[in-house]
Amino acid sequence: MRAREGLCFVSIFAAMAALPRVASAHDVTVDGNTAEWSSRTPPPGVTNLALVVRTIDPAGELVWSDAPGDTRTDLSAPGPEIPADLSRFAVTSSAAGLHFLVVVGPDPIGGDPTQVQIAIDLDRTSGSGEANFGGFADTTVAADAEWEFLVQTQRTGGAPSVRVLSTAFAQVGTGTIDQAATGAMEITIPWAALSRTGPPAAMRLTVATFREDTSTGNTRAIGDASISNALDALTNYGGPARTGNTWDEVMDGDVDHHLDVFFDTTSGEVVAPLLVARFASNTAGSAEPDEWLAIFNQTGSALSLAGVKVGDEETIRTSNGAEAMLSFPAGSTIAAGDTIVIARRAMVFATSFGAPPDYEMEASDPAVPDLTPYLAWFTGTPGAAGLGNGADEILVVDARDTIVDVVTWGTSNAFGVAALSPPMEGQVAIRGPATRDTDDTATDFSSVVATCDRAEPATCGGCYECAALFSCEVRAAGTACPDADLCDGEETCDATGNCLDATTPLECDDSNPCTDDACVAATGCDHDPASAGTACADADLCDGAEACDAAGNCVAGTPVDCSDDDLCTDDVCAPATGACTNPLAAAGATCADEDRCDGDETCAASGACVAGTPLTCEDTSPCTTSACDPATGCTTEPVAAGVACDDGNGCTTGDACDAEGTCVGIPGETCDAGATDEDAAVTDDASVGSDAGRRDGGAADGGGSVDGDEGCSCRAAGARGRGEARAALGLLAALGLAIAMRRRRAHHG
């Protein structure tokens, strides 16, 4: 689809294309009986034309109606020995395989039997495959129909048989065949013979008939190698529904005409690659007709629209100047699952619907590509492809002139398709789902809805919305569709576009006792504040009597006071009644008073409050004073700075309390009593008192020096405290006294 501002048509129909189809396989019993094949053909008198036939099952076939008596007339003696006059060809498939119906004239008595060859082009790529028919047919297919497999019937064993050939003309498979006395051949080719497991999405077929040499199974030569051996072929002689003689087609050795066939890859049924998705016929009495239609690509790949036609001229090769068949411009394509819109006049369409179409039938907008008349469809002058109000039809025709889709309305019965009642003014008929195709327009187009302007999407209203394709389509089930009374509840849409009545009135209770709740039809719920002072009591009577303020808020009241001033009872209020009780507290519960200094009081089992043990706050530091504060307990404060104290260090002097309550001394001089033994020394310091005396030989073995009463006793490695020094001096004095007494005894003894 061309990218155009404001248009995006893929979403709805792509989603519909994804819907599973009914896989009702069109199985064929190969018995020569044509009863299971569709009896529909193009209208009487219209031959050399293909038509995609769909039935309500749904089942699908591609049917070719061949002109009778158009076998070769260039031969010197055609006579009864010339069989192979095609009159009908049909194709379909199923899980079992590919099915053909070939109706030819009966075999002549005593003459060569008819041989049918069907070239199958699976890739539909020009120049890819084999061009020659088999059996030395001296006949080729067109370059864009070169085949990968060739189906060939034979009567070499007396009974008909069918084989499948590869491009090397090697037999790679066989099929089943039955031919009735009337000349109707039924053929089934299993998918395995075509190297497949099931139906392809599409194939291209070229069909011709020959006389068979039953001794070899090859075609009977009509002339030298420059003369085609084909007697009849599927061809339209270069134009839709034209007649001629097979010689006109094969005189150059080629069968140029071929058929494109598309399949449902699940069921195998033949399907139309392009379908009319929706249409809006001419608005009654409109001076500027704005009719339009949409085409949907239901295949899984993009399709070229080159050579594709749409129009309302159902009578081929004639014209009354009122209808037309129009071709897409070169280079046009349509993406897989996409939908394109074709309007009669783009300018009128854009004015009516708020966006331009993809193509127009009559030139009005230079920015929109125009469709042009397909003159091969007419023998007279075509008219405008307008969509009539009362009765008309739309045909979609592929590049090979196969009619792939037909929709009809009013009194039209073109090509045997049942008609829909004509859409009314401002309505559009919608195929739904997008892939439904039963050749019954009334069944296929299950919905006729109003058209809408994309620029004003609200025009649909109710349970419809303006969808991508300019039509008021059903909103999703459950979508709100409110009426004028909001108080009766929420109306919702059902799946068919009906607005269902509400079943539950609007609930306006906001659970707030301080608002007056009401419902106003036009606006819905209303919540005005209740009178100031209105009670709004909650379930707890202990928290006081609540009342509403002027703003609609519930304000708390004064809580119930259950205190009995007894610390050994629990004060309890019952929320349901507001009554107070005072049971005894558990033994050991605290009942402390405000004085922490008298200890922690606790409750006894009897409910009495028992005194605790008073706090002991004594402090031995000379630089601090201790006290007890009833509110906080024990406290410690520093004494005044400068108060004398003893820091316990003999090497300091002037010990005094500082402002932080710490005793601090000033370091003194080092004591020097002269040399001692090897590990200490005593200085001759003047500070050493004479009453301590000196030891013989100097200081004691422990090292250090001995001071006098002033308390200087400092070891070489550090200072001793005064207490230690005094103890040492006392010990020395006692030792001296003992020595003196021993000497005295010795002297007297």
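Return the residue satisfying two criteria in turn: it lies in the stretch 294-324 and is of a type in the set (A, V, I, L, M) and at pLDDT 95 or above, and of such residues it is farthest from VAL397 (Cα to Cα).
Among those residues, the one meeting the criterion is ALA302.
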Requested in this report: Taking the residues in the stretch 446-464 that are open to solvent by 50 Å² or more (accessible area, probe 1.4 Å), small (Gly, Ala, Ser) and in contact (Cβ under 8 Å) with a residue 12 or more places away in the chain as candidates, determine which candidate is nearest to PRO356 (Cα to Cα).
Outcome: ALA455
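Residues checked against (1) touching a residue at least 24 places away in the same chain (Cβ under 8 Å); (2) open to solvent by less than 60 Å² (accessible area, probe 1.4 Å):
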{"site": "SER563", "(1), (2)": "no, no"}
{"site": "CYS573", "(1), (2)": "yes, yes"}
{"site": "THR581", "(1), (2)": "no, no"}
{"site": "ALA585", "(1), (2)": "no, yes"}
{"site": "THR620", "(1), (2)": "no, no"}
{"site": "THR624", "(1), (2)": "yes, yes"}
{"site": "CYS628", "(1), (2)": "yes, yes"}
{"site": "ALA631", "(1), (2)": "yes, no"}
{"site": "THR652", "(1), (2)": "no, yes"}
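What do you reckon, is LEU293 more than 34 Å from the chain's Cα centre (by Cα) and in a strand (DSSP E or B)? Spell out how you get there, then give the answer.
Working: more than 34 Å from the chain's Cα centre (by Cα): no; in a strand (DSSP E or B): yes.
No: the conditions fail for LEU293.
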Query - Verdict on CYS472 being part of a loop (DSSP other than H, G, I, E, B) and of a type outside the set (Asp, Glu) - result: no
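Would you check if THR156 is open to solvent by 10 Å² or more (accessible area, probe 1.4 Å) and β-branched (Val, Ile, Thr)?
Numbers: open to solvent by 10 Å² or more (accessible area, probe 1.4 Å): yes; β-branched (Val, Ile, Thr): yes.
Considered against the rule, which asks whether it is open to solvent by 10 Å² or more (accessible area, probe 1.4 Å) and β-branched (Val, Ile, Thr), THR156 comes out as yes.
Given the condition under 28 Å from THR581 (Cβ atoms), of a type in the set (Val, Ile, Thr) and open to solvent by less than 70 Å² (accessible area, probe 1.4 Å), answer yes or no: does some residue in the stretch 502-516 qualify?
Initial filter on the stretch 502-516 (under 28 Å from THR581 (Cβ atoms)): none.
Within the stretch 502-516, none of the residues are under 28 Å from THR581 (Cβ atoms), of a type in the set (Val, Ile, Thr) and open to solvent by less than 70 Å² (accessible area, probe 1.4 Å).
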Query raised in the report: Quick one: ILE430 ticks every box in (1) of a type in the set (Val, Ile, Thr); (2) at pLDDT 90 or above; (3) closer than 23 Å to VAL46 by Cα bar one, so which box is it?
Result: (3)
Query raised in the report: Given the conditions (1) farther than 18 Å from GLU269 by Cα; (2) of a type in the set (A, V, I, L, M, F, W, C); (3) modelled with pLDDT of 90 or more, and given that LEU98 satisfies all but one, which numbered condition is not satisfied?
Result: (1)
Report summary line: For GLY300, the lone unmet condition from (1) open to solvent by 50 Å² or more (accessible area, probe 1.4 Å); (2) in contact with a strand residue (DSSP E or B) (Cβ under 9 Å, 6 or more places away or on another chain); (3) of a type outside the set (Phe, Trp, Tyr); (4) within 25 Å of ILE340 (Cβ to Cβ) is (2)
Requested in this report: Starting from the stretch 169-181, take each residue that is over 17 Å from GLN117 (Cβ atoms) and in a strand (DSSP E or B) and list its partners that are among the charged types (D, E, K, R) and open to solvent by less than 50 Å² (accessible area, probe 1.4 Å), counting only C-beta distances under 6 angstrom and pairs at least six apart or across chains.
Outcome: ASP178/GLU186
Report task. Looking for whichever is at pLDDT below 90, among the hydrophobic types (A, V, I, L, M, F, W, C) and touching a helix residue (DSSP H, G or I) at 6+ places or on another chain (Cβ under 8 Å) here; the options are ILE109, ILE56, ILE82. Which one fits? Result -> ILE56
Query - Lone qualifier among CYS519, CYS548, CYS487, CYS493 - being more than 49 Å from the chain's Cα centre (by Cα), open to solvent by less than 60 Å² (accessible area, probe 1.4 Å) and at pLDDT 90 or above - result: CYS548
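For the stretch 468-484, enumerate the residues that are surrounded by 18 or more Cβ atoms within 10 Å (Cβ to Cβ) and not small (Gly, Ala, Ser). So that I can check it myself, show each step before the final result.
Let us first name the residues in the stretch 468-484 that are surrounded by 18 or more Cβ atoms within 10 Å (Cβ to Cβ), namely 468-475, 481.
LEU469, PHE470, CYS472, GLU473, VAL474, ARG475, CYS481, listed by residue number.
Any chance the stretch 202-222 includes a residue that's assigned to a loop (DSSP other than H, G, I, E, B), surrounded by 23 or more Cβ atoms within 10 Å (Cβ to Cβ) and in contact (Cβ under 8 Å) with a residue 60 or more places away in the chain?
First pass over the stretch 202-222, keeping only residues assigned to a loop (DSSP other than H, G, I, E, B): 214-217, 220-222.
Filter again for surrounded by 23 or more Cβ atoms within 10 Å (Cβ to Cβ), leaving none.
Taking every residue of the stretch 202-222 in turn, none turns out to be assigned to a loop (DSSP other than H, G, I, E, B), surrounded by 23 or more Cβ atoms within 10 Å (Cβ to Cβ) and in contact (Cβ under 8 Å) with a residue 60 or more places away in the chain.
In this structure, does THR443 turn out to be in a helix (DSSP H, G or I) and either open to solvent by 30 Å² or more (accessible area, probe 1.4 Å) or out of contact with any helix residue (DSSP H, G or I) (no Cβ under 8 Å at 6 or more places or on another chain) (or both)?
Numbers: in a helix (DSSP H, G or I): yes; either open to solvent by 30 Å² or more (accessible area, probe 1.4 Å) or out of contact with any helix residue (DSSP H, G or I) (no Cβ under 8 Å at 6 or more places or on another chain) (or both): yes.
For THR443, the condition - in a helix (DSSP H, G or I) and either open to solvent by 30 Å² or more (accessible area, probe 1.4 Å) or out of contact with any helix residue (DSSP H, G or I) (no Cβ under 8 Å at 6 or more places or on another chain) (or both) - is met.
Listed here are the residues, each with its yes/no results for (1) under 25 Å from TRP247 (Cα atoms); (2) small (Gly, Ala, Ser); (3) without any contact (Cβ under 8 Å) to a residue 60 or more places away in the chain; (4) open to solvent by 10 Å² or more (accessible area, probe 1.4 Å).
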| position | (1), (2), (3), (4) |
| --- | --- |
| GLY111 | yes, yes, no, yes |
| ILE120 | yes, no, no, no |
| ASP123 | no, no, yes, yes |
| GLY127 | yes, yes, yes, yes |
| ALA137 | yes, yes, no, no |
| THR140 | yes, no, no, yes |
| VAL151 | yes, no, yes, no |
| SER161 | no, yes, yes, yes |
| LEU165 | no, no, yes, no |
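May I ask you to say which residue of ALA350, ALA376 is assigned to a helix (DSSP H, G or I) and closer than 26 Å to GLY238 by Cβ? Explain how you work it out, then say what you get.
Numbers: ALA350 fails: closer than 26 Å to GLY238 by Cβ.
Result of the check over ALA350, ALA376: ALA376.
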Query raised in the report: Within the stretch 179-197, how many residues turn out to be open to solvent by 10 Å² or more (accessible area, probe 1.4 Å) and modelled with pLDDT under 95?
Result: 4
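The values are calculated or read from the model by the stated rules, or taken from the named source; none is laboratory data. Since this is a predicted model, take the numbers as computed values, not measurements. In this analysis, Cβ positions are derived from the backbone assuming ideal geometry, glycine residues included, and neighbour counts consider all displayed protein chains. Note: areas computed on protein heavy atoms with side chains; ligands, DNA, RNA excluded. Shrake-Rupley method; radii C 1.70, N 1.55, O 1.52, S 1.80 Å.
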